[in-house]
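The values are calculated or read from the model by the stated rules, or taken from the named source; none is laboratory data. Just so you know, these numbers come straight off a predicted model, no measurement behind them. For neighbour counting, all protein chains shown are included, and Cβ atoms are generated from backbone atoms with ideal geometry for every residue, glycine included.
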Amino acid sequence: MRVFLLLLLALGAERALADATLSPEEAKELRCLALNIYFEARSEPVDGQLAVAFVTINRLHSRRYPNTVCGVVWQKRQFSWTHDGKSDRPYEQRAWQQAQTIARFIFTKYLALPEKVRRIMDRTNGALHYYAPKLADPYWAKAKEVTFAVGGHVFLADRS
């Protein structure tokens, strides 16, 4: 599955990068997704960065969260980097380029796929939450079901 995702990401990113015709609103949404990937998972493997993107998109499609990517990312106290008091400007160029490539793939290719295909590709299995056990032990995680773990993150969904 990992090889499939990496191949799809590489092919989709190449095509997506060639298609630079985004509206200003689409460009803003793509930037919000890239920033979230960058600040939440830039030191993670590609699978981990994709998983953060999947959670962001899963929230976008959930009735419990805002209906725009930027709304999801900037929702109060949902992602640590949005309220840590540090600069929100990417400073590691290589990691920022990769986050933008992943975000462009997700935004322009993944979201265009049928829902059934997206569910198969989403290795987080619909997770709406994640945390880094080395950094936190959130009280709310005990009420969730672990769906996936990669790098330094554990991904969770609501219990059925």
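Here are the numbers for the structure shown:
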{"item": "Residue check for Gln49: in a helix (DSSP H, G or I) and over 18 Å from Lys28 (Cα atoms)", "result": "yes"}
{"item": "Answer residue from segment 17-37, given it is crowded, with 23+ Cβ neighbours inside 10 Å and either within 9 Å of the chain's Cα centre (by Cα) or modelled with pLDDT under 95 (or both) and is nearest to Lys86 (Cα to Cα) among those", "result": "Asn36"}
{"item": "Given (1) farther than 24 Å from Leu135 by Cα; (2) surrounded by fewer than 18 Cβ atoms within 10 Å (Cβ to Cβ), number of the condition Asp84 does not satisfy", "result": "(1)"}
{"item": "Matching residues in segment 121-137 - criterion: being surrounded by 12 or more Cβ atoms within 10 Å (Cβ to Cβ) and more than 20 Å from Pro66 (Cβ to Cβ)", "result": "Met121, Arg123, Asn125, Tyr131, Ala132, Pro133"}
{"item": "Residue list for segment 65-106, filter: part of a loop (DSSP other than H, G, I, E, B), in contact (Cβ under 8 Å) with a residue 40 or more places away in the chain and out of contact with any Gly (no Cβ under 9 Å at 6 or more places or on another chain)", "result": "Trp74, Phe79, Asp88, Pro90, Glu92"}
{"item": "Residues of segment 132-153 classified as touching a helix residue (DSSP H, G or I) at 6+ places or on another chain (Cβ under 9 Å) and under 15 Å from Asn58 (Cβ atoms), total", "result": "2"}
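Yes/no per residue for (1) modelled with pLDDT of 95 or more; (2) of a type in the set (A, V, I, L, M, F, W, C):
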site: Ala41; (1), (2): yes, yes
site: Val55; (1), (2): yes, yes
site: Arg77; (1), (2): no, no
site: Ser80; (1), (2): no, no
site: Glu115; (1), (2): no, no
site: Asp122; (1), (2): yes, no
